[in-house]
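Presented below is the structure to which this report refers.
Please treat every number below as a calculation from the coordinates, not as lab data. Only a predicted model underlies this, so the values are computations on that prediction, with no experimental measurement involved. With ideal geometry, Cβ positions are generated from the backbone for all residues, glycine too; neighbour counts draw on all protein chains shown.
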Amino acid sequence: MAGIGFELKKLFRATGVLSMLKAYGYTGMVTAGPMLLGVLFLLSINYIGRVAGLQKPEQDLLVCMITYCLLASMMLNSVFSMVMTRYIADLLYEEKEKDVLPSMEGILGFEMPFGGILWGIFLANAGIDLMLCILNFILFMELLVAWTQMSYLTAVKDYKGILLSYVYAIIFSVLTALFGCAFLGVSLHILMLSVSVGYGVMIVYDMILLYGYFPNSMENHFAFLPWFDEYKDLMLIGFFTNIGLFSHLVIAWMSDVGIKIKGLYYGAPQHDVAALFAFITILVTTINFVASVEVNFYPKYRKYYDLFNGTGSIVEIEQAENEMLTVLEHELVYTARRQFYATALILSVGLVLLERLPLGFDSLMEGYFRVLSVGYGAYAVGNVLMLILMYFTDYEDARNSAILFGISSTVLSALSLMLEVKFYGFAFAFSCIIYLVFTLNRLMSYTTKLPYHILSTQPIVAERRYGFGCKLYAFISRNSKSA
């Protein structure tokens, strides 16, 4: 994550409980902010609608519309996000901060028209009225911008500003829903509008932060395109990871617990609600990885690789390697242990709390929650291992692990439809365990021969890949000069 490690080091050097909370809070904001915001909107706006008298079929449709927008926008953004994160990191390393904002404008110039056309086709056949189509379209486009912004906000040190953008988003969204329902009457249009207002406020505030932090050259808007040729594996990693995470939800919509809400909108309330709260459990590992592994591991990692640039002896390199791998092992065990404790706590205390909430938790939902929590916990640790593989530029193994996860999750979930409904979550949990075991095996295999991979598997002469991205960039550059 571009730029976050440096800021966290400063925060963790400070002493006191407040400083620690500030560091972990900042990590949570920049790693999971928009998704958490979506969950909060989903719960709070749906609750306001229910209290205001929204009928059950309309409540289900509201949840479906927001969920569809979240998942569809995340899937599209996953194709671009990892490559763009790498591109931003390269720009910051080369001290080309003035080209950061043009790249954001450029990638949005690709994402939004392409995503807008696809989402427009879906909405045209979705079976909802025109105004709801417009509100859905607005929310989808806002989410594309929000996901893209997160790749850039990690480099902005103003964590207070990022926090305020979330606070203002929630306040404006809730107020819009409350005043709209009070003065105009409760409706799906008012509630969808309130969600769009919330994300709109967040996007505008974050744009102010970004444009206030980075200089803008107003050039090189599409200079990132060759990176998609150079780092094709990152595209596959992002896409298949999201496929693995969310395909089981879509498959559940078509199962015996799934129901048709309206038109093309389907849902499986018993499965979806349990999956939503189980998914939140991975935030423990996500935040801990960035706050602990990156901060403690990266200095050792940087020192080790710097010694290969002609400044270190063999003895120094071997010592640095032992120190780095010792720290890595400690941090990975620490992260896995925390996720295990968090999952155990949630399965005991958390389930009791969920039963007391007005969510209609029954025995089937409790079973889904238990199994999916274990699955998401295994995924979280496996994903950390995959990210470490990427740290070592072992993109091939990282790509293979993501593809294995995406395919196994989808295929096993589809096969589980032949079983009783109470067994649906086991397919996803099993695929997460496969993902964890595979990434652990590949990381152990890679690190046992680390000097070999650094010195012997790299090309002697740097080879630049020339594919569609380079050709498109050359085409755009020629036409922009001629114009």
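Could you tell me which of rounded, prolate or oblate describes the range 42-157, using a ≥ b ≥ c as the square roots of the eigenvalues of the alpha-carbon gyration tensor, with rounded for a/c under 1.5 and, failing that, prolate when a/b is larger than b/c and oblate otherwise?
Values: a/c = 3.46, a/b = 2.06, b/c = 1.68.
It is prolate, given that a/c is not under 1.5 and a/b is the larger ratio.
Place a point 7 Å from Cα of Tyr391 in the direction of its Cβ. Which residues in the range 402-446 have their backbone N less than 19 Å from it?
Under 19 Å, as judged by backbone N against the label point of Tyr391, lie 402, 436-446 of the range 402-446.
What's the extension gain from Asn479 to Met444 if we count 0.36 nm per residue and subtract their Cα-Cα distance? If you can, show how the numbers build up before the last one.
Working: separation 35, 0.36 × 35 = 12.60 nm, distance 4.87 nm.
The Asn479-Met444 span can extend by a further 7.7 nm.
By how many nm would the segment from His330 to Met218 lengthen if fully extended, with 0.36 nm per residue of separation less the alpha-carbon distance? List each step's numbers first, then the result.
Values: separation 112, 0.36 × 112 = 40.32 nm, distance 4.47 nm.
Contour length minus the Cα-Cα distance gives 35.8 nm.
Amide H of Tyr266: which non-local residues (sequence gap of 5 or more, or other chain) have their own amide H closer than 5 Å, using H built in the peptide plane?
Sorted by chain and number, the residues that satisfy this are Ile261.
Taking N as the number of residues in the chain, what is its alpha-carbon radius of gyration divided by 2.2 N^0.38 Å? Don't skip to the answer; put the middle values down first.
Values: Rg = 23.0 Å, N = 483, 2.2 N^0.38 = 23.0 Å.
Its radius of gyration relative to the 2.2 N^0.38 Å reference: 1.00.
State the extension gain, in nm to one decimal, for the chain segment bounded by Leu472 and Ala89, taking 0.36 nm per residue of separation less the distance between their alpha-carbons. Don't skip to the end; give the middle numbers.
Details: separation 383, 0.36 × 383 = 137.88 nm, distance 2.22 nm.
Value of the extension gain: 135.7 nm.
Please list the non-local residues whose amide H lies under 5 Å from the amide H of Lys96, H modeled 1.01 Å from N, same-chain partners needing a gap of 5 or more.
For Lys96, no residues qualify.
Could you order peptides 82-88, 182-188 by the average number of other Cβ atoms within 10 Å of their residues, highest first?
On the way: 82-88: 22.7, 182-188: 13.7.
Descending mean neighbour count gives 82-88, 182-188.
Looking at this model, which pairs from Lys232/Lys303; Lys56/Lys262; Lys98/Lys471; Lys232/Lys471 are more than 22 angstrom apart at the alpha-carbon? Kindly include the intermediate steps, with their values, before the conclusion.
Numbers: Lys232/Lys303 28 Å; Lys56/Lys262 13 Å; Lys98/Lys471 24 Å; Lys232/Lys471 15 Å.
In this structure, Lys232/Lys303; Lys98/Lys471 lie more than 22 Å apart at Cα.
Helix check for the chain. Which DSSP H runs span at least 15 Å along their own axis by Cα, with a mean Kyte-Doolittle hydropathy no less than 1.6? Display every interim value, and only then the final one.
Values: long enough: 17-52 (41 Å, 1.22); 56-93 (52 Å, 0.89); 100-124 (35 Å, 1.32); 130-153 (34 Å, 1.72); 159-184 (37 Å, 1.78); 188-213 (38 Å, 1.55); 232-253 (31 Å, 1.26); 269-280 (17 Å, 0.97); 295-306 (17 Å, -1.59); 314-345 (46 Å, 0.01); 363-391 (42 Å, 1.12); 395-415 (29 Å, 0.58); 424-448 (38 Å, 1.11); 468-482 (21 Å, -0.11).
What comes out of the filter, once short or polar helices are dropped, is 130-153, 159-184.
List the relative contact order of the chain as a percent without decimals, with contacts defined as Cα pairs under 8 Å and 6+ residues apart. Write out the running numbers ahead of the final one.
Details: 584 pairs, mean separation 92.4, N = 483.
In percent, rounded to a whole number, it is 19.
Under a point spin-label approximation (7 Å from Cα along Cα-to-Cβ), what is the Ser363-Leu184 distance to one decimal in nm?
Going by the 7 Å Cα→Cβ label model, 4.5 nm.
Hey, what number do you get for the chain at 222 nm if only DSSP H runs of n ≥ 4 count, each worth -39500 (n - 2.57), divided across all residues, to the nearest 500?
Numbers: 19 runs with 377 residues, N = 483.
Here the helix-only value at 222 nm equals -27000 deg cm²/dmol.
Apply the a/c threshold of 1.5 to the C-alpha gyration tensor of the range 337-444 and tell me whether it is rounded, prolate or oblate.
Details: a/c = 3.38, a/b = 1.58, b/c = 2.14.
Verdict is oblate for the range 337-444.
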